[in-house]
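Structure first, commentary second.
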Amino acid sequence: MPVALITGVSGQDGSYLSDLLLAKGYEVHGIVRRTSLLSRARLENLRSGPAGERLTLHYGDLDEPLGLVRLLEQIQPDEVYNLAAQSHVQISFELPEFTGSVTGLGVIRLLEALRLTKPDAKFYQASSSEMFGSAPPPQHEGTPFHPRSPYGVAKVYGFWATVNYREGYDMFTTNGILFNHESPRRAENFVTRKITKAVAAIAAGKQTELRLGNLDAKRDWGFAGDYVELMWKMLQHHTPDDFVIATGEAHTVREFCEIAFAHAGLDWEKHVVVDPKFFRPAEVDYLLGDASKAERELGWKPATTFHQLVTMMVDADRAEIEG
Ligand code: NAP
Ligand code: F7E
């Protein structure tokens, strides 16, 4: 039975990747942080389901290098997926050093622990389209990075650390450069989920207004459930490499609002208020990915359309609020 270790297992992608690997017959180990309220909600169904006995959670932190060494020595994974990060871009302006430590240095802590304990394990790093920042679209594997936030800067560090361990130590280390991907399991302070939760609350008569920042930003939004398949495929590829994962379609925040509100029979313009509190010191205006390399070499294409993604998220939030 192949053994996988997932950092960030309690997050959006960690939960979808756990689903996928358990369905493929893996023994899955996940690293969780100590928090005052248990943050395992996304894993609850999985843990109580038939494959739950193959999922083991361990306390650990990317800020605790010796703990990582101890866990890797104990688990001896065949594959390591590093999904843990302080992943919120706006918050990274308020916590720049913390973000640098977890999202940037955390990668090298994990790589170094792996080099010392299990250097033949395959490694996936959750790199991000935020590394491209202000580089003009479409962005692909050869596009130079120009990050526009402490988060983006930290992800560039993690990207090059991953390349460096491949080149320096001949380890199977890879970067998935993922563009925005969402789902009903997305945290509530990212713009998509913030919108779909508000639509559900407004439709249920529990809220009237939604305050947002920049409505003109364009993002290439895909479905997280489609994207975790690619993480796995990258580690089954014959050589370690870096891949852009995206849909090849960009939409504005405004368009997301239009579709989400209309799906609930609402007019977004009657409810959305622009609040400068949500503007960022530096914005990423236009992300549009070119994933032709992934399609060519890994045979991957996203299955879910933008419209399906938005309506799936609205439906899930409405079902939750309406019971
Ligand atoms: P997410 O929902 O924010 O999950 C982040 C995970 O990291 C959570 O499980 C969190 O644990 C954990 N974590 C945070 N700090 C940690 C630390 N110091 N030590 C150990 N674990 C820690 O993020 P996501 O959307 O699933 O994204 C997964 C990865 O892909 C992240 O690295 C993100 O930066 C990257 N990425 C995401 C996107 C996207 O659009 N979703 C695009 C490109 C790249 P808690 O539950 O305890 O907070
Ligand atoms: O913002 C604008 C905001 O926070 C998207 C992370 O997963 O994807 C994500 O980063 C856009 C930005 O995601 C609000 O200014 C307007 O232009 O949902 P977001 P993000 O910053 O693109 C990348 C690829 C990652 O790697 C990250 O981990 O929406 N926007 N009004 C707003 N954004 C938020 N959060 N809240 C608003 O009220």
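The values are calculated or read from the model by the stated rules, or taken from the named source; none is laboratory data. What you see is a predicted model, and the numbers here were worked out from it, not measured in a lab. Positions of Cβ are generated from backbone atoms using ideal geometry, with glycine treated the same way; all protein chains shown enter the neighbour counts. For the accessible areas, the whole protein counts, side chains as well, though only heavy atoms, and no ligand, DNA or RNA atoms are used. Shrake-Rupley method; radii C 1.70, N 1.55, O 1.52, S 1.80 Å.
Tabulated data
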item: Carbon and sulfur %, accessible surface of the range 188-323 computed with the full protein complex present, 1.4 Å; result: 49
item: Tensor-based shape of the range 279-320 (alpha-carbon gyration tensor, a/c under 1.5 rounded, otherwise prolate or oblate); result: oblate
item: Percent carbon-and-sulfur accessible area, the range 76-126, ignoring ligands, DNA and RNA, probe 1.4 Å; result: 57
item: Residue-normalised accessible area of the range 1-149, expressed per residue, 1.4 Å probe, Å²; result: 44
item: Debye, to nearest 20: dipole size of the chain, +1 on Lys, Arg Cβ, -1 on Asp, Glu Cβ; result: 500
item: 20 Å Cα-Cα threshold exceeded, pairs from Lys24/Lys118; Lys155/Lys277; Lys155/Lys301; Lys197/Lys270; Lys24/Lys233; Lys206/Lys277; result: Lys24/Lys118; Lys155/Lys277; Lys155/Lys301; Lys206/Lys277
item: Charge context of Gly299, other residues only, Cβ under 11 angstrom, K/R +1, D/E -1; result: 0
item: The range 8-84 - charge dipole about Cα centre, Lys and Arg +1 at Cβ, Asp and Glu -1, debye rounded to 20; result: 260
item: Dipole-positive endmost among Ala260, Pro65, Tyr157 within the chain (Cβ charges, Cα centre); result: Pro65
item: Note, ³J(HN,Hα) from phi for the range 69-81, Karplus 6.51, -1.76, 1.60, rounded to Hz, x at Gly and Pro; result: 4, 4, 5, 5, 4, 6, 7, 6, x, 7, 9, 10, 10
item: Lys, Arg +1 and Asp, Glu -1 on Cβ, resulting dipole of the range 1-143 about Cα centre, debye, nearest 20; result: 300
item: Cα gyration tensor shape for the range 1-121, rounded if a/c is under 1.5, else prolate or oblate; result: oblate
item: Global form of the range 122-189, assessed from the alpha-carbon gyration tensor, a/c cut-off 1.5; result: oblate
item: Cα centroid separation, the range 20-73 to the range 208-225 (Å); result: 30
item: Stokes-Einstein D (µm²/s) once Rh is taken as the Kirkwood radius of the chain over alpha-carbon pairs, at 10 °C in 1.306 mPa s; result: 79
